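Accompanying notes for the structure given below.
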Amino acid sequence: MVREGFLFGFPPLVLGMLLLLFLTPVSLVTGGILIFFAFFTFYFFRNPQRSIPSEAGLIVSPADGRVVVVKDEENAGRPGKRISIFLAIWNVHVNRSPAAGKLTKLEYKPGKFMAAWAEQASLENEQNIFTLQSEHGEIVFKQIAGWVARRVVSWKITGDDLARGELIGLVRFGSRMDVWLPESAEVVVEVGEDVKGGSSILARMPVDPAK
């Protein structure tokens, strides 16, 4: 579990346990609700161990969830491909770097809180935009807040070196993540497929056999 789990979970847990001591119908019901919320919060902020594949050229999923978009899309005038992943409230919500490289830019963009599965959420919702310079070229990935998720949290800063599958932050309570890849990427996932952050392979990049 990440630290946010303790921050959001322990206050209602302690308060709920104290209310149970009064043994009145109202205190028992209220205390039970608070304890249930606390344990749900601990569950929500879980951080399970993941086996990160080591094969060269792989792009891994930055999040747990379901693939909702796979499409050709330009980014800053460059042809490429976008993969979007929707995170339901029951999914793991810690996020990971899809590839190794240097974080050359991290931009916070305030915005709306449309439902995260909506196509326009990629453009209009609150988001953190990560630009990663990898051996395969520039990769861009986004943490996107949704209707329930009202905060995007990054644990990294510009200039950080990231490993493939390394934890980079989280989005609270339902969200979306987008990954933009260069045109040379061979996408290996399809819309409707469930993926796991750090361990599921989204795409393969060309690898120089001389390296």
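Semi-axes of the equivalent ellipsoid of the range 20-70 are 43, 13, 4 Å, computed as sqrt(5λ) over the eigenvalues of the C-alpha gyration tensor in descending order.
In angstrom, the C-alpha Rg and Dmax of the range 5-99 are 20.6, 65. Accessible surface area normalised per residue over the chain is 50 Å², counting heavy atoms of protein chains with a 1.4 Å rolling probe. To the nearest 10 degrees, how steep is helix 3-20 against the longest Cα principal axis of the chain, on a 0 to 90 scale? The answer is roughly 10 degrees. Ordering 95-107, 188-200, 46-58 by mean Cβ neighbour count within 10 Å, with the highest value first, yields 95-107, 188-200, 46-58. Ranked by the mean number of other Cβ atoms within 10 Å of their residues, highest first, the peptides 137-145, 71-79, 179-187 fall in the order 137-145, 179-187, 71-79. You can think of it this way: the chain between VAL207 and TYR43 has 55.2 nm of extra reach, that is 0.36 nm per residue less the Cα-Cα gap.
Across the accessible surface of the chain, with the other protein chains kept in place and a 1.4 Å probe, carbon and sulfur atoms take up 63 percent.
Checking (i) 16.5; (ii) 17.1; (iii) 18.0 against the coordinates, the calculated Kirkwood radius over Cα pairs in Å falls under label (iii).
The values are calculated or read from the model by the stated rules, or taken from the named source; none is laboratory data. The shown structure was predicted, so the numbers you read here are calculated from the model rather than taken from an experiment. Neighbour counts are summed over all protein chains in view; Cβ atoms, including those assigned to glycine, are modelled from backbone coordinates with ideal geometry. When the accessible area is computed, the model is the full protein with side chains, heavy atoms only, and any ligands, DNA or RNA have been set aside. Shrake-Rupley method; radii C 1.70, N 1.55, O 1.52, S 1.80 Å.
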